[in-house]
Amino acid sequence: MTFGTAAEVSAPALRLQGVGRRFGALQALHDVSMEVAAGERRAILGPNGAGKTTLFNVVAGDFLPTSGSVELFGTNVTSLTPYARTRLGVCRTYQTSQLFMGLTVAQSLFLAIRGVQKGRFDPRRPKADDPARIRSTEIAETVGLASVLQAPVGSLSHGQQRQLEVGMALAGNPRLLMLDEPAAGLSRSERVVLTELLLRLPRDITVILVEHDMDVALAVADRVTVMAEGTPIVEGNPSEIQANRTVQDIYLGHAVGVHHG
Ligand SMILES: Nc1ncnc2c1ncn2[C@@H]1O[C@H](COP(=O)(O)OP(=O)(O)O)[C@@H](O)[C@H]1O
Ligand SMILES: [Mg+2]
């Protein structure tokens, strides 16, 4: 990893200015301006269809915005490819699973690490002292999967699969980690495990968490942005968000904790 200039180091992890994204006639995002400080844990809440995943896609570069600008760590990335943004330290998970059920946990992590280092698949069996193998063991510990390293992904519980997805995102050595509804579909006890895992992540990693589950979001976040109809409507710390009338009306009125697509 390379270190930026003084200006880049003090820059926010993410700065969006007037970001919009349109799909045909549908304005999925409009006039989104927000800053996430380096090292911050930010939760993004909002009803289904509010534009949360589209926001991630615009930040990661999977979709380009149709208006506005995206800056990562002081660099304007608005028209950069997803790969170029990965190299700046952006790693994300997806709302739907991207795992290969036939691989083991160790193989999945190893490939995620190698994929980042070499940009291609290397099928050879890793030696015991291979740095990527050592790193995959470390990540397995971070995400609570050290005891199931040799288990096939398909045999893991849903909660463990979600933990592995976080681990695979960590394999890219993120400076900015974006997690899209990591607690979706988890049981109460699985959510507790996931929350503890997120709280244990190194503080130098900036985390943006889209989460439907209020308990997970408010436990992990330093600040919360609530979105509705494609734009941020309220921002504050967790207790401000809980006390906010607008939030209670537009968000808490909906079925909180129930997973919507
Ligand atoms: N690739 C796409 N093509 C067309 N419409 C999309 C696409 N992705 C998202 N949308 C629409 O944009 C709006 C916001 O969706 P999304 O960002 O997935 O919301 P959230 O993640 O908050 O539930 C929705 O109306 C959705 O149908
Ligand atoms: Mg979504």
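For region 65-72, just list the computed ³J(HN,Hα) in residue order, Karplus coefficients 6.51, -1.76 and 1.60, θ = phi - 60°, integers in Hz, with x standing in for Gly and Pro.
x, 8, 7, x, 9, 10, 10, 10
Using modelled amide H (1.01 Å from N, peptide plane; none on Pro or chain starts), what sits under 5 Å from the amide H of Thr78, excluding residues fewer than 5 places away?
Long-range HN contacts for Thr78: Val70.
When the Karplus curve 6.51 cos²θ - 1.76 cosθ + 1.60 is applied with θ = phi - 60°, which whole-Hz ³J(HN,Hα) does each residue of region 228-244 get, with x for Gly and Pro?
Going residue by residue, I get 8, 6, x, 8, x, 10, 9, 9, x, 7, x, 6, 4, 5, 5, 8, 6 Hz, with x marking Gly and Pro.
Provide, for q = 0.17 Å⁻¹, the log10 of I(q)/I(0) from a solvent-free Debye sum over equal Cα point scatterers in region 38-153.
One equal scatterer on each Cα of region 38-153 leads to -1.02.
Which of Val216, Leu199, Thr231 sits farthest toward the positive end of the charge dipole of region 134-261, with +1 on the Cβ of Lys and Arg and -1 on the Cβ of Asp and Glu?
Leu199
Hey, what did region 97-172 get for relative contact order, percent, Cα under 8 Å, at least 6 apart? Show your work: numbers first, answer last.
Values: 90 pairs, mean separation 36.1, N = 76.
Computed value for region 97-172: 48 percent relative contact order.
In region 159-198, how does Rg compare with the Kirkwood Rh, expressed as the Rg/Rh ratio over alpha carbon atoms?
Working: Rg = 10.1 Å, Rh = 10.5 Å.
With Rh from the inverse mean 1/r over Cα pairs, Rg/Rh is 0.96.
Give me log10 I(q)/I(0) at q = 0.25 Å⁻¹ for region 97-172, Debye formula, one equal scatterer per alpha-carbon, no solvent.
-1.22
For the chain, set up a Gaussian network in which alpha carbons nearer than 10 Å are linked by springs, and say which option among Ala217, Ala25, Ala106 fluctuates the most.
Result: Ala25 has the largest fluctuation of those listed.
Mind sorting His212, His158 by how few other Cβ atoms lie within 10 Å of their own Cβ, fewest first? Spell out each step's value before the answer.
Numbers: His212 22, His158 13.
Arranged by neighbour count, lowest to highest, His212, His158 become His158, His212.
If contacts are Cα pairs under 8 angstrom and at least 6 residues apart, what is the relative contact order of region 103-223 in percent?
Values: 140 pairs, mean separation 30.5, N = 121.
Relative contact order, region 103-223: 25 percent.
Determine the percent antiparallel among the DSSP beta bridges restricted to the chain, to the nearest 5. Don't skip to the answer; put the middle values down first.
Values: 20 of 36 bridges.
If we restrict to bridges inside the chain, about 55 percent are antiparallel.
Long-range amide H contacts for Thr104: which residues qualify at under 5 Å (H placed 1.01 Å from N, peptide plane, sequence gap of 5 or more or a different chain)?
Val153
Mind telling me which of Ser187, Ser147, Ser136 comes out most flexible in a GNM of the chain, alpha-carbon contacts under 10 Å?
With Cα springs under 10 Å in the chain, the top fluctuation among Ser187, Ser147, Ser136 is at Ser147.
From the phi angles alone, apply the Karplus equation (6.51, -1.76, 1.60; θ = phi - 60°) to region 215-222 and give each ³J(HN,Hα) in whole Hz, x where the residue is Gly or Pro.
4, 5, 4, 6, 6, 8, 7, 7
Which percent of Cα pairs goes in each bin when the distances of the chain are cut into 5 angstrom slices starting at zero?
That works out to 1, 6, 13, 17, 18, 17, 13, 9, 4, 1, 0, 0, in percent per bin.
Taken together, the values in this text are just the output of simple stated rules run on the coordinates, not laboratory data. Being a predicted model, the structure only gives us computed values, none of them experimental. Note that we place each Cβ from the backbone using ideal geometry, even for glycine, and neighbour counts take in every protein chain shown.
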